[in-house]
Amino acid sequence: MCGIFGVLVRDGAAADAGGMQRAIRDLAVISEERGKESAGLAVRSGGEISVFKRPLAAHAMTRQADYRDFVEPLLRNAFAGARANGAFAAIGHARLMTNGRQGIKENNQPVVKDGAVGIHNGIVVNDAALWQRYGDIHRQADVDTELLMALLARGKRKTGSIEAAAREVYREIYGTASVAVFFDDEDRLLLATNTGSLYVASSKNGDMLIFASERHFLETFIAGSALVRDRFDARTVERVAAGSGILVDLDTLDRHPFTLKETGEPMPLPAESATATGTRKAPRVRVRDLDSESEARRTNLRRCSRCILPETMPMIRFDSDGVCNFCHDYDRMKQYGSEELEKLVAPHRSRNGEPDCVVGLSGGRDSCYALHYLKEELGLNPVAYTYDWALVTDLGRRNQARMCGKLGVEHVIVAADIKEKRQNIRQNVDAWLHRPRLGMVPLFMAGDKFYFYYLQQTRQRYNVDLAFIGGNRLEKTNFKTGFCGVSNEGGWRLYGVHWTKKAQLAFYYLKEILANPRYINRSLLDTVNAFRVSYLMPHDFVWLYDYIPWDETLIDRTLRDVYDWEIAGDTDNTWRIGDGTASFYNYIYYTVVGFSEHDTFRSNQIREGMIGREEALRAVEVDNQPRYDSIEEYAHLIGFDFDEAMSVINSIPKAY
């Protein structure tokens, strides 16, 4: 199980910031014997509760620069002049993963919920039933600690008493729970356990209190930490009995024990504690959750007043009206029209049922609708072609089968060496995680660029001149080259980029590869060839949506109603669901710079007059929600550690 721990200091106690920082680190590292998957700290001082957590072992977390940036200012303010300037309390958690992956930050502790900020050691085994019983509580994570905090806060509001709330919660849960909880309107800390896996000790003069999950942890801490060595007697470490709790007054550090048993009599108070239990309202303190503050900054990014591109978009500029340069420079799509399309295909139309064209079929919505249109609307006899580069999803394959089976279309599949390609991708992902640079993210997709090469080959094998692609101009992003320091306001297709910019891109990639030799691996040939077929090989294909309107509603309705088209379980959006990589790289972009492909796509729709700005903002709020299931599946397929990757990504300095 997890390790929970804490250090509480009374106003005026002799202590310096450096000594307190080392003491918190020492107790955290001692406690990580019980769990190394993640760690976190909540500090109550100066009228606020500040929360920090990372998917790292405690010893690693306390070495992080962002941890020091978090804790050092708090301690300098709390212990200026080598004395506590007001009551100070820090509670921490060293996690052994039970419910919820630690790579998902919401599952790590401390948990902030409805005014309660707490840590928990144990497993609530009937959490699913309790979530169902209390369906009005908004669930944000998989971890059962969120439920405990929500129920404690709910019970305190209902009964007006922390003790009554704790009794009610422990009566309802089935499993194990040792907790430490701050409330934003109380000046007391709740400690409670139904197993006895909780130990406390007070200093000789009562100016400090410490707690941990095991007696041995406190004894080791007292013996080894300079700050507490002479203040505590290890023989005074006490076990909090199973089925009991303690309210600790944060100002005086007096302890008020109570029973968790519903029918039991209140436990007698120590002689020095004459204060009645129950709710004792204190001025509400501010809760600062660093992750929530980061979310707020991302939400409040300045965005173009016409589209929705944010200030973190590479090379963006706003005029005096707040309109971005991408809106000013945008050329609206000029479609040739269905009549021109008919003129184009007429000379090639087969008279005997033999194939007369090839169409790329990725399994995504645009290519699937293109196949439908070519067969049903134009009356062509297409051959569907798929390049399975190792990350066409099972869902994508099933949608391909739906389309080809319903339409009676031959399906040509060119399969890469799946195992080798996935190894190549893993090596590039590993290299990127070692030195994260947003400009290098496209290397994850280097293997799929051979799609163009094999489309050309398939056309030649079937001796047809027409080869269709279902991509559309709305997918132009600009930012992927922008993160390489290369502008791309011109054509939307890779091969159409001016040769000087191709040279700049090549130089950027070469420079980054030399700076990070991990990219020099067996995938390097793939990377070089991907650049060649993307930027240098002629793409004399027909882009269907240059001729017919791209209508998202019509496409989605046709695919679902006519072909029973399947969508992913973790999103309602139908874009990119056949691509196993998209959820991963869009998570990177959204986490680090606050936008993704969805923002550029919706911005292009605004410029085309397809949707309004408010509709686009609502759409990306949903589109950009992390697709954790898909990311975890991607990690499993490629062979990298989901939690380690998420830890690296979430630790990258944000652009907002």
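Leu395 fulfils the conditions (1) in contact (Cβ under 8 Å) with a residue 40 or more places away in the chain; (2) hydrophobic (A, V, I, L, M, F, W, C); (3) in contact with a helix residue (DSSP H, G or I) (Cβ under 9 Å, 6 or more places away or on another chain) except for a single criterion, (3). Residues that are among the hydroxyl-bearing types (Ser, Thr, Tyr) and modelled with pLDDT under 95 within region 13-44 comprise just one, Ser38. Of the residues making up region 565-600, those that are within 15 Å of Asp366 (Cα to Cα) and hydrophobic (A, V, I, L, M, F, W, C) are Trp565, Ile567, Trp575, Ile577.
Residues that are of a type in the set (A, V, I, L, M) and in contact with a Leu (Cβ under 8 Å, 6 or more places away or on another chain) were ranked within region 207-224; the one that is farthest from Ala192 (Cα to Cα) is Met208. When the residues of region 423-438 are filtered to those that are touching a helix residue (DSSP H, G or I) at 6+ places or on another chain (Cβ under 7 Å) and surrounded by 20 or more Cβ atoms within 10 Å (Cβ to Cβ), which remaining residue is farthest from Tyr519 (Cα to Cα)? Checking each candidate, the answer is Leu438. If the condition is being farther than 21 Å from Gly40 by Cβ, crowded, with 22+ Cβ neighbours inside 10 Å and hydrophobic (A, V, I, L, M, F, W, C), then region 150-172 contributes Ile162, Ala165, Ala166, Val169.
Could you say whether any residue in region 347-359 is closer than 30 Å to Ser583 by Cβ, touching a helix residue (DSSP H, G or I) at 6+ places or on another chain (Cβ under 9 Å) and in contact (Cβ under 8 Å) with a residue 60 or more places away in the chain? Checked region 347-359: at least one residue is closer than 30 Å to Ser583 by Cβ, touching a helix residue (DSSP H, G or I) at 6+ places or on another chain (Cβ under 9 Å) and in contact (Cβ under 8 Å) with a residue 60 or more places away in the chain.
Residues are listed down the side, and each one gets a yes or a no for (1) in a loop (DSSP other than H, G, I, E, B); (2) of a type outside the set (Phe, Trp, Tyr); (3) at pLDDT 90 or above:
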| position | (1), (2), (3) |
| --- | --- |
| Ser273 | yes, yes, no |
| Arg288 | no, yes, no |
| Pro347 | no, yes, yes |
| Ser350 | yes, yes, yes |
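Go over the candidates Ile123, Ile137 one by one and state the one that is assigned by the TED database to the domain that holds Ser197, surrounded by fewer than 21 Cβ atoms within 10 Å (Cβ to Cβ) and without any contact (Cβ under 8 Å) to a residue 24 or more places away in the chain. Checking each option against the conditions leaves just Ile137.
Within region 377-390, not a single residue is surrounded by 18 or more Cβ atoms within 10 Å (Cβ to Cβ), of a type outside the set (Lys, Arg), in a helix (DSSP H, G or I) and modelled with pLDDT of 95 or more. Ser367 passes every criterion in (1) touching a Gly at 6+ places or on another chain (Cβ under 8 Å); (2) in a strand (DSSP E or B) apart from (2). Of all the residues in region 90-103, those that are surrounded by fewer than 24 Cβ atoms within 10 Å (Cβ to Cβ) and either more than 19 Å from the chain's Cα centre (by Cα) or not charged (D, E, K, R) (or both) number 5.
Checking each residue in region 19-50 for being within 21 Å of Asp66 (Cβ to Cβ), in a helix (DSSP H, G or I) and touching a residue at least 40 places away in the same chain (Cβ under 8 Å) picks out Met20, Gln21, Arg22, Ala23, Ile24, Asp26, Leu27, Ala28, Ser31, Glu32. Do you know which residues across region 634-643 are under 18 Å from Gly100 (Cα atoms), assigned to a helix (DSSP H, G or I) and at pLDDT 90 or above? Within region 634-643, Tyr634, Ala635, His636, Phe642 meet the criteria. The number of residues in region 254-271 that are assigned to a loop (DSSP other than H, G, I, E, B) and modelled with pLDDT of 85 or more comes to 3. If you go through region 104-138 and keep only what is within 24 Å of the chain's Cα centre (by Cα), small (Gly, Ala, Ser) and over 22 Å from Phe182 (Cα atoms), you end up with just Ala128. Given the conditions (1) out of contact with any strand residue (DSSP E or B) (no Cβ under 9 Å at 6 or more places or on another chain); (2) aliphatic (A, V, I, L, M); (3) not assigned by the TED database to the domain that holds Thr591, and given that Leu395 satisfies all but one, which numbered condition is not satisfied? Against the list (1) out of contact with any strand residue (DSSP E or B) (no Cβ under 9 Å at 6 or more places or on another chain); (2) aliphatic (A, V, I, L, M); (3) not assigned by the TED database to the domain that holds Thr591, Leu395 comes up short only on (3). Quick one: which of Asp249, Asp185, Asp233 is assigned by the TED database to the domain that holds Asp11, surrounded by fewer than 17 Cβ atoms within 10 Å (Cβ to Cβ) and closer than 25 Å to Asp114 by Cβ? It is Asp185. Those helices (runs of 4 or more DSSP H) of region 459-549 in which at least 2 residues are at pLDDT 95 or above, charged (D, E, K, R) and assigned by the TED database to the domain that holds Val345, considering only elements entirely within it, cover 499-515.
Does Ser647 satisfy the condition of being at pLDDT below 95, in a helix (DSSP H, G or I) and among the small types (Gly, Ala, Ser)? Yes, satisfied. Among the residues making up region 51-86, those that are buried (at least 22 other Cβ atoms within 10 Å of the Cβ) and assigned to a strand (DSSP E or B) are Val51, Phe52, Lys53, Arg54. For region 550-565, the set of residues classified as outside any helix (DSSP H, G or I) and at negative phi consists of Trp550, Asp551, Trp565, listed by residue number.
The values are calculated or read from the model by the stated rules, or taken from the named source; none is laboratory data. Remember, predicted model here, so these are calculated numbers, not experimental data. Please note: Cβ atoms are built from the backbone with ideal geometry, for glycine as well, and neighbour counts cover all protein chains shown.
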